[in-house]
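Input: a single structure, listed below in structure tokens.
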Amino acid sequence: MPEILEVERYRQAAEVAVGRSIAEVSAPDAWFLKRGLGPDEVVAALTGRKVTAVRRHGKLLMLDTDGPVLGLRFGMTGRLVVDGGMPIVDLEYGPDRTDPAWRRFGLTFEGGGSLAMDDARRLGGIELWPDEAALGPDALSITRRQLASALSGLRAPIKATLLDQHRIAGLGNLLADEVLWRAGIDPARAGGTLADDEVSRLHRTIRRVLPQLMARGGSHTGDLQVARERGAVCPRDGTPLERRTIGGRTTYSCPAHQR
Ligand SMILES: [Zn+2]
């Protein structure tokens, strides 16, 4: 599924749209439009507008225009299509084929080119003026102080907090498990119980792992990834891994080195 690394790649690919003017807006799937937005409304709001910037905060991709801000959320299987090509063809949980019926939204630019979103499961969405302020600090640039503040006093499992986009924006299931496994922290521990040195270790791990996996090709390229199956052992110490549901998601962790 698209996590922060995949959406960052989408942002980079979408940069070509900066400076282009929107000639046509296609919104064939009204259900895909969120926060009360209607098809006629989105067409009227964006047609003729010029794209001035492409930004990302966590897993939210934003196109600034000389009118409204367009927000794109990719859910589990959303894919960005830029000028007819896909920046990422294979998504870990998505189907490995495409279907014209999955086209949920599209922009065509004056003088050629396009930007569209395909989504097989329709868990993503399009909105105008997305609520960026509701998102926590971006995981690619989070500071130690911001991380400490996001965890402070929390009784919820740390894994659930890392997935909570209001607390920290960008991490999904694979990255959260990878980060906690590398940092040696039990995903079920309450976030508020982390000692100062553990917060520091978790922070250093987040800041190191994300660029590393970005260079490798995405959130499915972590060192724990090969062990995300029943009966697998910890790639670090050979201990049989625990498989639990934490924060509503299937979670793999090592009972020996994650405390
Ligand atoms: Zn281990």
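Derivation of every value follows stated rules applied to the coordinates shown; laboratory data play no part. Remember, predicted model here, so these are calculated numbers, not experimental data. So basically every Cβ, Gly included, is an ideal-geometry build from the backbone, and we count neighbours across all protein chains shown.
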For this session: Quick one: grab the alpha carbon gyration tensor of region 165-255, order the square roots of its eigenvalues as a ≥ b ≥ c, and give me rounded if a/c is under 1.5, else prolate or oblate depending on whether a/b is larger than b/c.
Result: rounded
Problem set entry | CD proxy at 222 nm, helix term only [per DSSP H run n ≥ 4: -39500 (n - 2.57); per residue of the chain; nearest 500] | -7500 deg cm²/dmol
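What shape does region 193-233 take by its C-alpha gyration tensor, where a ≥ b ≥ c are the square roots of the eigenvalues and a/c under 1.5 counts as rounded, a/b above b/c as prolate, and the rest as oblate?
oblate
Report relative contact order for region 13-75 in percent, whole number only (criteria: Cα-Cα under 8 Å, sequence separation at least 6).
Working: 89 pairs, mean separation 18.4, N = 63.
Relative CO of region 13-75 lands at 29 percent.
Which of the peptides 179-185, 104-110, 133-139 is most tightly packed, and how do the rest follow, judged by the mean count of other Cβ atoms within 10 Å per residue? Can you show the working numbers first?
Working: 179-185: 23.6, 104-110: 19.3, 133-139: 16.9.
Most protected by this proxy first, the peptides run 179-185, 104-110, 133-139.
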Exercise. How many angstrom lie between the C-alpha centres of region 108-177 and region 219-251?
Worked result: 22 Å
Exercise. Label-point separation (nm) for Glu15 and Arg145, each offset 7 Å from Cα along Cα-to-Cβ?
Worked result: 2.9 nm
Problem set entry | Low-density loop cleavage sites - trypsin sites (Lys or Arg not before Pro) in region 16-61, where at most 13 other Cβ are within 10 Å (DSSP) | Arg35
